[in-house]
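Before any comments, here is the structure.
The values are calculated or read from the model by the stated rules, or taken from the named source; none is laboratory data. Keep in mind that this is a model prediction, so the values were computed, not measured. Please note: Cβ atoms are built from the backbone with ideal geometry, for glycine as well, and neighbour counts cover all protein chains shown.
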């Protein structure tokens with residue numbers, strides 16, 4: 001923000017650019033709001049806030065809107081491990097017990113013991129917000145799995161690509177949305193996230 005601020009011109013523009021930059025800094029739950037705010041900004045300011053080297057805002061916006069793992073600089077794509085989030089509360093994390101996940105469209109619900117969270121994830125980060133047991137149970141009813149995604153002996157296979165991960169061999173919970181696989185094990189307090197595109 002310190003390098004972009006002199007280019008903003010007025011306080012309103014600075015605040016809007018700040019919202020876009022906050023999303024890029026890891027506030028995944030602000031993605032849709034940041035995209036909406038960016039529509040009214042100068043493309044150069046948006047590219048600077050997102051550290052994007054090229055492309056029109058129209059093309060970039062379509063990519064961000066369509067896929068939470070869209071990389072505007074084209075450095076990452078396809079089936080890949082993108083993050084391990086969460087941690088044991090005793091070491092500064094959220095979870096007292098190994099978590100379990102359930103899919104809710106492009107977000108996930110997480111349960112650890114008697115506690116529940118809504119987890120929002122994308123290229124720029126993951127955020128957790130308190131949820132209820134009922135919200136988790138409702139999401140847990142969703143058993144959807146992308147038709148073109150296979151899991152064989154700890155290896156995800158999709159469109160000629162494969163990714164083997166130890167967490168996939170004996171998961172405690174394993175769910176998928178259209179763009180993300182989330183997996184946990186009974187021996188870890190982290191959630192493993194795999195991008196599907």
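Odds and ends about this structure:
- Some residue of segment 49-62 being buried (at least 16 other Cβ atoms within 10 Å of the Cβ) and in contact with a strand residue (DSSP E or B) (Cβ under 7 Å, 6 or more places away or on another chain): no
- Residues (surrounded by fewer than 19 Cβ atoms within 10 Å (Cβ to Cβ) and part of a helix (DSSP H, G or I)) located in segment 1-18: 5, 6, 7, 11, 12, 13, 14, 15, 18
- As a summary of the residue check, residue 135 satisfies the conditions (1) within 30 Å of residue 61 (Cβ to Cβ); (2) touching a residue at least 40 places away in the same chain (Cβ under 8 Å); (3) not in a strand (DSSP E or B) except for the one numbered (2).
- Flag for residue 77 being closer than 23 Å to residue 182 by Cα and modelled with pLDDT under 95: yes
- For segment 150-185, taking the residues that are assigned to a loop (DSSP other than H, G, I, E, B) and touching a helix residue (DSSP H, G or I) at 6+ places or on another chain (Cβ under 6 Å), the one that is surrounded by the fewest Cβ atoms within 10 Å (Cβ to Cβ) is identified as 154.
- Residue within segment 48-68 that is in a strand (DSSP E or B) and under 27 Å from residue 164 (Cβ atoms) present: no
- Looking across segment 95-119 at every residue that is in a loop (DSSP other than H, G, I, E, B) and modelled with pLDDT under 95, the one that is surrounded by the fewest Cβ atoms within 10 Å (Cβ to Cβ) is identified as 105.
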